[in-house]
Amino acid sequence: MPDQQDITSDIALVRLAQKGEMRAFEELVGRHRDKVYARALSMMRNEDEALDLSQDAWVKGWQRLGQFQGDSSFVTWMTRIVINLCLDQLRKLKRKRAESLEAMEEDSGGIERHLEVVMPNPTAGLELSELRRRIDRALGLLSHEHRTVLILHEFEQMEYKEIARQMGCSVGTVMSRLFYARRRMASLLAGLKREKLE
Amino acid sequence: MKQDLELKLQAWLDGELPSAEAQEMRLLAATDPEARRLMAELQGIKAALLQHEQAVAMPETREFYWSKIQQQIQRQDRLHPPILVPWSRHWRSWLAPLAAACALAAALILAVRPSPRAVALNQVSITADGYEARSFRDQSSGMNFVFLQETPKAAAGQPQPARTREDGSSFTIDIE
């Protein structure tokens, strides 16, 4: 027989947590901590930062529980919070360092514009574990703007307009970033030799 | 291929293109080998990324992770205590109209009772923050009409004592 706690729905736990029940919130953290952490890790590419930011996201989630109306699932709501924290952190990091060559290229079309189309399916024939390893490595080589737009579109299923709002840019910029991110991923996954632009 | 066409092809692939333009892209993909190759590449990447989304296990135990969150919440609560709705607000929600109704009733009794001043009041109104009670006496039929309605709340400020105004036939009490 399943534990009563296991079969309690997220929404019931949220309602209890909204009344100040810390135990209910603890259960929500236990259920969704991996997903929230995974999103932070995919955006930050750093375990420690991902842990800190995911932790901050849960604290913020607790403080803003009163605003949760149930328009989306609780885990989607929490994921949006951690994405916003990661975007803020990435903006801070970007301000600290000089503009990267990659980011400058973005405005002029980038090197990906001149890449040949590699193959109909650059991932064909790869085993799943190898594919995941390569994708992970390739994502890590993208600029954070390109990586973020890919994550928000492909993993979070956001529309262009929503991504533009989250990232504070135009829909045109989102389309452009997404296109070049995909092209670069294709070239990286196909194993094409490319000069690293540091 | 021109950049705007490439972006349009991508938008078509993502289902973000209006139907008229989608038809244009469908035609392009069917007739232009370069467009077809680009579409295949974009589709391949999209599919690969979808497969890549995998569960990542957190490197900390549930208990340790939660204890850090709990500590942070408690620290935040000490620094910025949660804003609780004060009891006085609950009281005010029904106390104000009640007080207004009592005051109105008292004013009505005074108004209809013969007094040495013999002032015939036709209208009595009481305003409080967010409420207004108004009575009207029809002298010909000898009937009293009472209206109670919500009004926009005044800006927060220092409480002021009740004010009364009287101008012959009407009597007003302002409670702020």
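Derivation of every value follows stated rules applied to the coordinates shown; laboratory data play no part. Here the structure is a predicted model, which means the values were calculated and not measured. Neighbour counts are summed over all protein chains in view; Cβ atoms, including those assigned to glycine, are modelled from backbone coordinates with ideal geometry.
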> Under a point-charge model restricted to the Cβ atoms of Lys and Arg (+1) and Asp and Glu (-1), what is the dipole moment magnitude of segment A:2-96 relative to its Cα centre, in debye to the nearest 20?
Replying inline: 620
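Give, in nm to one decimal, the length gained when the segment between residue A:34 and residue A:141 is fully stretched (0.36 nm per residue of separation minus the Cα-Cα distance). Spell out each step's value before the answer.
Values: separation 107, 0.36 × 107 = 38.52 nm, distance 2.35 nm.
Computed gain between residue A:34 and residue A:141 is 36.2 nm.
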>> Could you work out how much longer the chain between residue A:69 and residue A:12 gets when fully extended? Use 0.36 nm per residue separation minus the Cα distance between them, nm to one decimal.
In response: 19.3 nm
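So if we plug the beta-carbon distance of residue B:62 and residue A:76 into 1/(1 + (r/R0)^6) with R0 = 22 Å, what FRET efficiency do we get, rounded to 0.05? Working shown, then result.
Details: r = 21 Å, r/R0 = 0.97.
Efficiency at R0 = 22 Å is approximately 0.55.
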>> Considering the Cα positions of segment B:6-47, please state its Rg to one decimal place and its Dmax as a whole number of Å.
In response: 9.5, 26
> What is the percent of Cα-Cα separations in segment A:2-96 that go past 21 Å?
Replying inline: 33
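What's the FRET efficiency of residue B:34 with residue A:129 using the Cβ-Cβ distance as r and R₀ = 35 Å, to the nearest 0.05? Before the final figure, lay out the partial values.
Details: r = 34 Å, r/R0 = 0.96.
After rounding, the FRET efficiency stands at 0.55.
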> If you take the charge dipole of segment B:3-52 about its Cα centre, with +1 on Lys and Arg Cβ and -1 on Asp and Glu Cβ, which of B:40, B:29, B:13 is farthest toward its positive end?
Replying inline: B:40
